[in-house]
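**Q** Submitted below is the structure of interest, expressed as structure tokens.
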Amino acid sequence: REWQTIKEYEQIKFEYFEGIGKITINRPRYYNAFTPDTTKEMCDAMVICRENPDISVVVLTGAGDKAFCSGGDQNVKSTAGYIGKDGVPRLNILDMQKLIRSIPKPVVAMVNGYAIGGGHVLHVVCDLSIASEKAIFGQTGPKVGSFDAGFGSSYLARIVGQKKAREIWFLCEQYSAAEALEMGLVNKVVPHEELEDVTVEWCNKMMQHSPLALRMIKAGLNAELDGQAGIQELAGNATMLYYMTEEAQEGKHAFLEKRKPDFKKYPKMP
Ligand code: 2NE
């Protein structure tokens with residue numbers, strides 16, 4: 001499979017293959033821990049995935065065979081966040097979480113190794129997680145002086161239940177891929193060497209289906225949990241679909257032609 005580079009970055013790889021945009025955190029030396037600059041690059045690539053009509057599905061993974069992502073890079077953790085090139089402390093991984101959640105396309109975590117701390121949260125917020133048999137999962141926050149009480153807790157609890165989510169955060173244990181599957185934390189576990197093949201197979205299956213239907217399902221599943229921000233997403237999709245109707249076009253045309261709109265001719269469905 002020949003992945004084509006979409007854009008060059010310093011700390012991630014961003015590639016394309018037959019409808020799939022693949023974002024790979026490329027810091028294997030640090031088990032793919034992210035700095036604010038890594039995250040900035042991931043967000044940039046994610047926005048390109050949202051805007052590019054040739055990309056139907058996004059895959060998120062880590063370089064090498066040790067780690068998917070080990071969370072925030074502890075070397076650059078400061079007193080008010082993680083410090084990047086500009087010297088400003090920030091927690092911009094939350095921006096990436098929001099982008100994963102709101103992009104109207106499926107995002108698949110291809111978990112090739114450790115998914116730990118903020119790296120674990122990243123796979124949690126993806127729509128689907130496919131794990132190598134070698135993958136290991138867990139939160140470490142309370143052990144290393146951090147926590148994610150946002151999606152990393154509430155959405156995790158929606159997935160594995162309140163008791164298990166509290167266990168994961170309070171005990172900071174590590175879980176095998178089999179245990180993750182057992183608790184519904186991942187969708188599938190596959191032999192390490194088959195990870196990309198199976199991920200691409202799943203992407204291909206999704207790409208055979210109606211993108212609008214997948215988009216509406218994602219927005220609807222988000223809306224149930226995300227309060228007004230979730231409703232905004234769902235409503236934005238409804239508006240887009242409404243704009244595609246003749247009825248909505250009539251309103252615009254009438255305004256531009258300086259006449260009264262005639263909405264009577266449009267059907268009122270039961
Ligand atoms: C991932 C894990 C369990 C792997 O353990 P092991 O024993 O297999 O490898 P090792 O030797 O610990 O790691 C290999 C190299 O990667 C670096 C290590 O320092 C080590 O480097 P050297 O000693 O060879 O120089 N490395 C690994 N993770 C790193 C990290 N996060 N930052 C910088 N360097 C890292 C084990 O490495 C581990 O537990 N890693 C730390 C996981 C962690 O606590 N992450 C931060 C959680 S907080 C967070 O991510 C967060 C949040 O909670 C809320 C919001 C935003 C972020």
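Where a number appears in this text, it was derived from the coordinates with a stated rule and is not lab data. Small disclaimer: the values here were computed from a predicted structure and weren't measured. With ideal geometry, Cβ positions are generated from the backbone for all residues, glycine too; neighbour counts draw on all protein chains shown.
**Q** Amide H to amide H, which residues 5 or more places from residue 12 or on other chains are under 5 Å from it, using H placed in the peptide plane?
**A** 26
**Q** Something else about it: Along the Cα-to-C-beta direction of residue 170, a point sits 7 Å from the Cα; which residues of segment 121-153 have their amide N less than 20 Å from that point?
**A** Within reach of a label on residue 170: 138-153.
**Q** Here is a follow-up. Once phi is turned into ³J(HN,Hα) by the Karplus curve 6.51 cos²θ - 1.76 cosθ + 1.60 with θ = phi - 60°, what whole-Hz value does each residue of segment 12-25 show in order, with x for glycine and proline?
**A** 9, 10, 9, 10, 10, 8, 6, x, 9, x, 10, 10, 10, 5
**Q** Could you list, bin by bin from short to long, the percent of Cα-Cα pairs of segment 150-206 in 10 Å steps?
**A** Distribution as computed: 21, 43, 27, 9 percent.
**Q** What order do you get for 14-25, 29-40 when each peptide is scored by the mean count of other beta carbon atoms within 10 Å, highest first?
**A** So the peptides 14-25, 29-40, ranked by packing, come out 29-40, 14-25.
**Q** Another question, then. Would you list the P(r) distribution for segment 117-270, with all Cα-Cα distances sorted into 10 Å bins from 0 and each bin expressed as a whole %?
**A** That works out to 9, 27, 26, 17, 10, 8, 2, in percent per bin.
**Q** Of 220, 189, 200, which is farthest towards the positive pole of segment 185-226's charge dipole, taken about the Cα centre with +1 and -1 on the beta-carbons of Lys, Arg and Asp, Glu respectively?
**A** Farthest towards the positive pole: 220.
**Q** Given contacts defined as C-alpha pairs under 8 Å and at least six residues apart, what's the relative contact order of segment 133-270, whole-number percent?
**A** Averaging sequence separation for qualifying contacts and normalising by length gives 17 percent for segment 133-270.
**Q** Among 110-118, 128-136, what's the highest-first ranking by average C-beta atoms within 10 angstrom per residue?
**A** 110-118, 128-136
**Q** Once you have the Kirkwood Rh of segment 160-243 from its Cα pairs, apply Stokes-Einstein at 25 °C and 0.890 mPa s and quote D in µm²/s.
**A** Here the translational diffusion coefficient equals 155 µm²/s.
**Q** Mean separation of Cα pairs under 8 Å and 6+ residues apart, divided by the residue count of the chain: what relative contact order is that in percent?
**A** About 13 percent, as a whole number.
**Q** Go from 0 up to the bin containing the longest alpha carbon distance in the chain, width 10 Å each, and give me the % of pairs per bin.
**A** 7, 28, 33, 19, 7, 6, 1
**Q** Roughly how many whole Å is it from the C-alpha centroid of segment 194-270 to that of segment 6-23?
**A** With segment 194-270 and segment 6-23 each reduced to a Cα centre, they are spaced 27 Å.
**Q** What is the set of long-range amide H partners of residue 67 at a cut-off below 5 Å, with H atoms built 1.01 Å from backbone N?
**A** Under 5 Å from the amide H of residue 67: 114.
**Q** How large is the charge dipole for segment 129-249, taken about the Cα centre, if only the Cβ atoms of Lys, Arg (+1) and Asp, Glu (-1) carry charge, to the nearest 20 debye?
**A** For segment 129-249, the charge dipole is close to 400 debye.
**Q** With viscosity set to 1.306 mPa s and temperature to 10 °C, compute the Stokes-Einstein D of segment 115-172, Rh being the Kirkwood radius across alpha carbon pairs; µm²/s, no decimals.
**A** Reported coefficient: 139 µm²/s.
**Q** To continue, here is another question. With springs connecting C-alpha atoms under 10 Å apart, model the chain as a Gaussian network and identify which of 120, 192, 253 has the largest mean-square fluctuation.
**A** 253
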